[in-house]
Amino acid sequence: MRVVHNWISGVQAPTSDHLDDTNPATSQVIARIPRSQASDVHAAVVAAREGARVWSRTPASERAIALRRIADALEARLDELAALESQDQGKPVSLARKVDIPRAIANFRFFASALEQETLASTRMADAINYEARKPIGIVGLITPWNLPLYLLSWKVAPALAMGNAIVAKPSELTPLTADALAGICADILPAGVFNLVHGLGPECGQAIVEHPEIKAISFTGGTATGRRVAATAAPMFKKLSLELGGKNSTLVFADADFDQAVAGAVRAGFANQGEICLCGSRLLVQRSIYDRFVEAFTAGVQALKVGDPAHPDTDIGALNSLAHRDKVEGYLSLARDEGGTVVGGERSPGPGAFLNPAVVTGLEPTCRTATEEIFGPVVTVHPFDDEDQAIAIANGTEYGLAASVWTSDLGCAHRVGEALDVGMVWVNTWLHRDLRVPFGGVKNSGVGREGGRWSMAFYSENKNICVKLGDRR
Ligand code: NAD
């Protein structure tokens with residue numbers, strides 16, 4: 001069995017206590033990982049002090065070269081990393097190969113280029129020039145969830161490194177393996193102490209990161225309830241805080257949409273990665289005139305998804321991330337029935353793995369719990385609407401505000417609806433179509449702050465204004 005250690009100051013660091021890491025498709029323990037405590041986090045911070053000192057003085061051009069070397073090293077191990085991600089998370093290996101690992105590689109290359117291309121503003125006054133200067137923050141804490149492990153960790157690590165910070169990172173205790181691989185790669189490329197990785201439970205290791213006074217910024221991606229706890233600890237310490245939290249996103253289909261494209265888009269938005277993406281469209285709103293026909297085609301599309309062995313190249317839906325998570329999702333299917341809904345699908349597959357067939361739920365009020373709480377699994381509720389105003393009201397009727405997709409052939413409608421939705425991201429006739437330069441993040445209970453491109457670079461640095469008085473003519 002694989003034994004994983006923390007990485008502190010570029011070397012593997014032993015810990016006294018451990019956790020099991022389980023493959024959710026087989027329920028077999030595949031690794032033993034550290035159960036780090038505050039003392040382990042402190043050791044990482046001590047290493048990061050020296051890392052921050054060295055890295056902050058490393059020229060940007062050299063930092064960019066290091067980021068590209070990390071990308072190259074990840075790329076050289078693409079197949080191995082995709083397999084690890086699939087075994088750890090439950091997702092189809094084909095998805096990890098096509099999406100997760102390539103995105104992690106792209107994140108490092110993107111922020112290397114962004115760093116090299118960055119120009120900062122200057123503002124001329126009659127008698128002075130102001131210019132912006134950026135400084136690294138120092139030591140930053142990065143905490144990530146289990147659904148897109150390396151994809152999301154690298155989305156934070158790459159800009160944090162680009163801007164010259166040292167890192168103390170904690171991946172989810174449920175998906176530690178690709179983070180371990182990244183730390184090994186960084187140990188070969190970065191000065192000691194720049195990238196430190198500690199594993200463990202959220203309330204112990206994660207909390208210790210958030211509480212540590214020398215960690216000046218926290219970038220957290222995870223559930224809304226956890227984000228609230230993180231904010232409660234970090235805000236009174238005046239830490240910089242980025243919170244990317246939960247979502248309950250709507251897919252809005254208007255009658256004039258390209259029917260087949262909208263069906264395919266709604267299926268993908270609902271069930272990609274077993275529905276375990278914060279951006280998944282788990283509430284499908286369909287204009288009443290096409291509702292019956294759409295639900296029929298959508299349900300057929302969902303039932304055609306192949307559920308099974310994540311290692312099989314044809315699998316569309318792998319295992320949920322854990323048996324406990326499957327229990328939670330099944331709890332919502334019971335709730336849906338109690339609330340008067342009709343559930344198609346949602347059966348367990350026999351065997352030890354956390355498999356669950358995708359489920360389509362109709363007949364529910366859009367205000368009920370099943371239709372407004374984040375389930376984070378392969379469950380989509382479907383609701384009819386009559387017109388634009390009603391569609392917008394239903395879509396905005398949750399505590400979340402992360403994303404939405406709008407399917408219509410009327411550009412005016414797309415624009416009006418896009419502007420009226422209380423979310424951070426809207427896709428029109430597409431879903432999860434991402435450019436790394438654009439802002440990413442949510443409103444309401446989906447988070448605070450934006451990641452991506454210049455937003456990430458601003459978060460991981462302190463911007464300073466220097467005002468130079470111009471000399472008077474002698
Ligand atoms: P989670 O909140 O349970 O855990 C996220 C991370 O926080 C883990 O590493 C965990 O160990 C750690 N943690 C837990 N308690 C902590 C504490 N008290 N202090 C510090 N760290 C703590 O979330 P999860 O179940 O791993 O992930 C699923 C959630 O993440 C969903 O709600 C999903 O919507 C959200 N998510 C959001 C985005 C986004 O970009 N908005 C992306 C992916 C996932």
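Bear in mind that the values in this text are calculations on the coordinates, not laboratory data. It should be emphasised that the depicted structure is a prediction, and the values quoted were computed from it without experimental measurement. No Cβ is skipped: glycine too gets one built from the backbone with ideal geometry, and neighbour counts run over all protein chains shown.
Quick notes on this one:
- Annotation: the residues CYS186, CYS413, CYS467, CYS280, sorted from fewest to most other C-beta atoms within 10 Å of their own C-beta, follow the order CYS467, CYS413, CYS186, CYS280.
- Selection from ALA52, ILE290, VAL382, by position along the positive dipole direction of the chain (Cβ): ALA52
- Shape of the range 19-118, Cα gyration tensor, a/c cut at 1.5: oblate
- Considering only GLY401, LEU421, GLY441, the residue lying farthest towards the positive end of the dipole of the range 380-474 is GLY441, judged by Cα position with unit charges set on Cβ.
- Given charges at beta-carbon only (K, R positive; D, E negative), |dipole| of the range 51-92 in Debye: 400
- Of the chymotrypsin sites (Phe, Trp or Tyr not before Pro) in the range 221-261, the ones in a loop by DSSP (not H, G, I, E or B) with at most 10 other beta carbons within 10 Å are PHE238.
- Using the average count of surrounding beta-carbon atoms within 10 Å as a protection proxy, the listed peptides 333-346, 434-447 rank, highest first, as 434-447, 333-346.
- Label separation (HIS42 vs ARG2): 3.1 nm, computed from points 7 Å beyond Cα along the C-beta direction.
- For LYS328, the aspartates and glutamates whose Cα comes closer than 17 Å to its Cα, not counting residues fewer than 8 places off in the same chain, are GLU276, ASP338, GLU339, GLU347, GLU373, GLU374.
- Extension reserve of the THR430-GLU132 stretch, reckoned as 0.36 nm per residue once the Cα distance is removed: 103.5 nm
- Cross-link partners of LYS469 among lysines (Cα-Cα below 28 Å; sequence separation of 8 or more within a chain): LYS135
- Relative contact order computed over the chain (Cα-Cα under 8 Å; 6+ residues apart), in percent: 19
- The range 278-317 versus the range 342-356: alpha-carbon centroid distance in Å: 15
- Listed pairs LYS216/LYS444; LYS91/LYS306; LYS98/LYS306; LYS156/LYS239 exceeding 22 Å between Cα atoms: LYS216/LYS444
- The chain - convex hull of alpha carbons, volume per residue in Å³: 152
- A Cβ-based charge dipole, computed about the Cα centre of the chain with Lys and Arg at +1 and Asp and Glu at -1, lands at about 1880 debye.
- Computed E for SER334/SER113 - FRET, C-beta separation, R0 45 angstrom, nearest 0.05: 0.35
- In degrees, nearest ten, helix 259-271 long axis to first principal axis of the chain (Cα): 60
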